[in-house]
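A short write-up of the structure that comes next.
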Amino acid sequence: MKRLNAITDVRGIEVGHAQDEEALTGCTVILCRRGAVAGVDVRGGAPGTRETDLLDPVNLVQKVHAIVLAGGSAYGLDAAGGVMHYLEEQKIGFNTGVAKIPIVPAAILYDLNVGRADVRPDAAMGYRAAAAASSAAPAEGNAGTGMGASVGKMFGLSLAMKAGIGTASMDIGSGVIVGALVAVNAWGDVVDPQTNQIIAGLRSGKVGPMRVGKKDPFADTLTMLRSSIGRGVLGLAARGNTVIGVVATNAKLTKAQATKVAQMAQDGVARTIRPAHTMFDGDVIFALATGAKNADVSTVGAFAAEAMAAAITRAVRMAASTGSLPGLAEKR
């Protein structure tokens, strides 16, 4: 079967988006109808999550049935309820004897400052995203959770850029596939790890009377952190930034091993987001293992980082301009 360069190349993984194109918010559901062993790594200083404690290897439940990535800040966690409702209708869930309870962890990003702040992903939107899930290559850029995503927000949105959602996959040999899906809403800049050049982020320009950056298109957030202007705005920096994503594999992993893969996948975030994992970001990465192939966990984790890095760069390259936020992709 032809590879799609998407997380859906992992058999048993489906993706569905739902969004409000006027309000510029949405959610994305990663379905694993037969269940998948899951782990999580929460590394940012300002996360918003649901059911992540359940993924601790010492806890009872071994498999999840979906992961929800949503906009809307903490309000967006409501989308997981709609996904549970959809899965309950499909008779999918953890069997407690009297009912099957779908296990649906979730993470959110802050997009209330783009589009409308009074419209957020809710249970109805989560249900629509779950119902739309398929094994086809998911839409990238301005879709689902990526609708209101942006990057380079040291000085707010005035010099920021549009970002979105991206996906990638890799065949790492012996029939083992590793894929990633990520919504990029970072405080810092996005760097191409192949060239070490910024491809999206804080632009040079003026904020009121202040000049940010020089003649280069990008001011470079790290450079600005060394400047008196940059240090002066840190106390006012928005806490509403996050990179949230999922890596998936058809390898057979335990919960502890899936957690290690999620941790290693964060290296892909660190390679492409500069700076990453700040106190202004709520970075969360989930890992899913559908359990079909034997594989070394360190190898899976190494390529999970590579797939995550590739998905992050696609998330900005596929994002089209929205309002005052310029994007790298042309609107179709």
Which of the residues that make up region 1-53 are within 26 Å of residue 186 (Cα to Cα) and among the basic types (Lys, Arg)? 43, 50
For region 78-136, what are the residues that are among the basic types (Lys, Arg) and assigned to a loop (DSSP other than H, G, I, E, B)? 91, 116, 120
For residue 48, are the conditions met, namely being of a type in the set (Gly, Ala, Ser), touching a strand residue (DSSP E or B) at 6+ places or on another chain (Cβ under 8 Å) and modelled with pLDDT under 95? yes
Per the filter on region 152-171, residues open to solvent by less than 10 Å² (accessible area, probe 1.4 Å) and in contact with a helix residue (DSSP H, G or I) (Cβ under 6 Å, 6 or more places away or on another chain) are 154, 163, 164, 165, 166, 167, 168, 169
For a quick check of your reading of the model, give me the residue pairs whose first member lies in region 132-145 and is under 15 Å from residue 21 (Cβ atoms), whose second is in a loop (DSSP other than H, G, I, E, B) and of a type in the set (Lys, Arg), with beta-carbon atoms closer than 7 Å and at least 6 apart or on different chains. none
Can you name the residue in region 294-327 that is of a type in the set (D, E, K, R) and under 17 Å from residue 195 (Cα atoms) and is also surrounded by the most Cβ atoms within 10 Å (Cβ to Cβ) among such residues? 314
Can you find a residue that is within 13 Å of the chain's Cα centre (by Cα) and touching a residue at least 60 places away in the same chain (Cβ under 8 Å) anywhere in region 152-164? yes
Kindly provide the set of residues from region 260-283 that are modelled with pLDDT of 95 or more and open to solvent by less than 10 Å² (accessible area, probe 1.4 Å), ordered by number. 261, 262, 265, 266, 268, 269, 272, 273
Residues that are of a type in the set (Phe, Trp, Tyr), open to solvent by 50 Å² or more (accessible area, probe 1.4 Å) and under 23 Å from residue 38 (Cβ atoms), drawn from region 82-139: 94, 127
Give the residue that is modelled with the lowest pLDDT, with candidates limited to residues of region 290-332 that are assigned to a strand (DSSP E or B) and among the β-branched types (Val, Ile, Thr). 322
Do any strands (runs of 3 or more DSSP E) lying entirely in region 182-259 carry at least 1 residues that are β-branched (Val, Ile, Thr), under 22 Å from the mean Cα position of the chain (by Cα) and modelled with pLDDT of 95 or more, and which ones are they? 189-192, 197-200, 242-251
Hits in region 268-288 (condition: outside any loop (DSSP other than H, G, I, E, B), touching a residue at least 24 places away in the same chain (Cβ under 8 Å) and either within 20 Å of residue 5 (Cβ to Cβ) or under 14 Å from the mean Cα position of the chain (by Cα) (or both)): 268, 269, 271, 272, 273, 281, 284, 285, 286, 287, 288
For region 172-219, how many residues meet the condition of being open to solvent by less than 10 Å² (accessible area, probe 1.4 Å) and under 24 Å from residue 262 (Cβ atoms)? 15
State all residues of region 113-147 that are touching a Gly at 6+ places or on another chain (Cβ under 7 Å) and modelled with pLDDT under 95; if no residue qualifies, say none. 113, 114, 115
Which residues, taken from region 23-43, are assigned to a loop (DSSP other than H, G, I, E, B) and either in contact with a Ser or Thr (Cβ under 6 Å, 6 or more places away or on another chain) or modelled with pLDDT of 95 or more (or both)? 23, 24
I need a count of the residues in region 214-225 that are closer than 13 Å to residue 154 by Cα and touching a residue at least 12 places away in the same chain (Cβ under 8 Å). 7
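Residues are listed down the side, and each one gets a yes or a no for (1) open to solvent by less than 60 Å² (accessible area, probe 1.4 Å); (2) not acidic (Asp, Glu):
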| residue | (1), (2) |
| --- | --- |
| 16 | yes, yes |
| 19 | no, yes |
| 31 | yes, yes |
| 36 | yes, yes |
| 41 | yes, no |
| 46 | yes, yes |
| 51 | no, no |
| 61 | yes, yes |
| 64 | yes, yes |
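The values are calculated or read from the model by the stated rules, or taken from the named source; none is laboratory data. Since we're looking at a predicted model, the values are computed, not measured. Virtual Cβ from ideal backbone geometry, glycine too; neighbours counted across all protein chains shown. In case anyone asks, the SASA skips ligands and DNA or RNA and just uses the protein heavy atoms, side chains included. Shrake-Rupley method; radii C 1.70, N 1.55, O 1.52, S 1.80 Å.
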